[in-house]
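Report on the following structure.
The values are calculated or read from the model by the stated rules, or taken from the named source; none is laboratory data. Model, not experiment: these values are computed from the prediction. Methodologically, a virtual Cβ is constructed for each residue, glycine included, from the backbone with ideal geometry; neighbour enumeration extends over all protein chains shown. Each accessible area value is taken on the protein alone, full model and side chains, heavy atoms only, with ligands, DNA and RNA left out. Shrake-Rupley method; radii C 1.70, N 1.55, O 1.52, S 1.80 Å.
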Amino acid sequence: MKLTIALSKGRIFEETVPLLAAAGIEPAEKPESSRKLIIGTNHPEVQLVIVRASDVPTYVQYGAADLGIAGRDVLIEHGGAGLYQPLDLNIAKCRMMVAVKEGYDYDAAVRQGARLKIATKYPQIAREHFAKKGVHVDIIKLYGSMELAPLVGLADAIVDLVSTGGTLRANKLVAVEHIIDISSRLVVNQAALKLKYDAIQPVLDAFAGAVPA
Ligand code: ATP
Ligand code: MG
């Protein structure tokens, strides 16, 4: 029974290698040094497909991959349809934050009921956050380099992932609000979980036993 696991390059792949190892799965190649999008493993029945981080839920939703690993940020934006999310893997940890230009009085703007322009790659998370606060916002969808937006007047604030804060500091931005903690989760195609239970359950168990503290 073939098992296909969707992963993204970079931190998720790197941090997933030990989890795969716990399940007895060793990738035949590193995606960073290979141009292959389908990577075999020591296990003849298990293959990895390398996709954009934000595409992982889509591959799993439609059953093109049985399993995948995706950030909570990506899963919220996707909506989770067709996905079973049995396990928080506690990897690729960071925080979703609101950040503004140094010197911008965010609290005053909020207090005064100003309509804020928010640049983000995460419109769902941003919309929900400001709706809860009762703040009116115009969401400007970006695909990267969010930090630039407040500096050039595209936005009053950004909603973005922060880990060390180094990128914010380098661009003279400050985090003013913590929205949610982010980590990556295992996602499973709902139909595959039933049809391929015998192949999937041992992988789930091995991952669960290897989740970092
Ligand atoms: P791309 O870089 O191709 O535009 P991406 O930014 O979504 O896509 P990654 O940078 O590999 O891809 O991030 C993958 C996941 O890792 C994110 O969805 C998020 O959950 C998490 N992540 C992102 N940035 C950080 C960070 N600085 N520290 C820890 N985890 C992070
Ligand atoms: Mg990135």
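The H on the amide N of HIS43, modeled in the peptide plane, is under 5 Å from the matching H of GLU26, each at least 5 residues off or on a different chain.
Summing +1 for each Lys or Arg and -1 for each Asp or Glu, what net charge is found among the other residues whose Cβ lies under 9 Å from the Cβ of SER8?
On the way: positive: LYS9, ARG11, ARG52; negative: ASP55.
It works out to a net charge of +2.
Placing +1 on each Lys and Arg Cβ and -1 on each Asp and Glu Cβ, with no other charges, gives the chain a dipole about its Cα centre of roughly 420 debye.
Counting only DSSP beta bridges whose two residues both lie in segment 1-156, roughly 25 percent are antiparallel.
Between ALA170 and GLU128, the FRET efficiency estimated from the beta carbon spacing at R0 = 41 angstrom works out to 0.90. If you look at the Cα atoms of the chain, you get an Rg and a Dmax of 19.3, 62 Å. Between ALA213 and GLU26, the simple label model (points 7 Å from Cα in the Cβ direction) yields a spacing of 2.8 nm.
Among 115-125, 25-35, what's the highest-first ranking by average C-beta atoms within 10 angstrom per residue?
The most tightly packed comes first, giving 115-125, 25-35.
Per-atom-type breakdown for segment 94-181 gives carbon and sulfur 49% of the accessible area (1.4 Å probe, protein chains only).
Shape class for segment 29-117, computed from the alpha carbon gyration tensor (a ≥ b ≥ c): prolate, with a/c not under 1.5 and a/b above b/c. In the context of the full set of protein chains, residues of the chain present 51 Å² of accessible surface per residue (probe radius 1.4 Å, heavy atoms only). Taking a 26 Å limit on the Cα-Cα distance, which of the listed pairs LYS101/LYS141; LYS36/LYS141; LYS9/LYS121; LYS2/LYS141; LYS117/LYS172; LYS93/LYS141 fall beyond it? Pairs exceeding the cut-off: LYS36/LYS141; LYS2/LYS141. In this simple spin-label approximation, GLN112 and ARG95 carry label points 7 Å from Cα along the Cα→Cβ vector, and these lie 2.7 nm apart.
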